[in-house]
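I have placed the structure first, in the form of structure tokens, so that the comments after it can refer back to it.
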């Protein structure tokens, strides 16, 4: 069963609803421009420790930057689940599947997508239907977001997100290699806590 992830957009420079006409324009104009994205999931974990007591930890899972062309982005984002659904499915098939197998329960939480593309406000058939922020600005947004979640008491975990799905088996293996709810001190990426906040377990 999929975790009840509520979708909360946190676009870097805004989010627009992209229609078929805009997608068609992108195929003709700027289809090879790069869209940079980061996916994050604010959640919490519940498990039973070796002492038989229930444990609880607040977490924020965050991906590295991923990229695709504008054409590929619009093709994915025009589908029912959009990019949020694509990342949510990947989390379900890697992070959540592995956590469930080792006895953890990850709560629903909220899923966020940071991206560097927005509608420019021009006519969809115009030469520049989209504005693009820089890769560096998305990297900064990611770093700022991590800091905000640490300040909010979350433990930060990296996870891999491959929007093409080609590396799903490898990423599931990485998640499965966590040794139970108590993570190794230096597990293979993804899965290593990169920063600890107030909610970190001892």
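No lab work stands behind these numbers, since they all come straight from the coordinates. Just so we're clear, the structure is a prediction, and the values are computed from it rather than from any experiment. Note: ideal-geometry Cβ built from the backbone for every residue, glycine included; neighbour counts use all protein chains shown.
Taking 4 °C and 1.567 mPa s as the conditions, I'd like the Stokes-Einstein D for region 81-150 in µm²/s, using the Kirkwood hydrodynamic radius from alpha carbon pairs. Approximately 86 µm²/s, per Stokes-Einstein. Grouping the Cα pair distances of region 31-81 into 10 Å bins from zero gives a pair-distance distribution of 21, 29, 22, 16, 11, 1 percent in increasing distance order. Relative to one another, the C-alpha centroids of region 67-137 and region 32-66 are positioned 16 Å apart. With the simple spin-label model, which puts each label point 7 Å out from Cα in the Cβ direction, the residue 101 to residue 48 separation comes to 2.1 nm. At R0 = 22 Å, how high is the FRET efficiency between residue 151 and residue 65 if r is their beta carbon distance? Nearest 0.05 is fine. For residue 151 and residue 65, the calculated efficiency is 0.50.
Ordering of 138-144, 163-169, 151-157 by packing is 151-157, 138-144, 163-169, highest average first (other Cβ atoms within 10 Å, averaged per residue).
Every Cα-Cα pair in region 59-179 was counted, and those over 22 Å apart are 43% of them.
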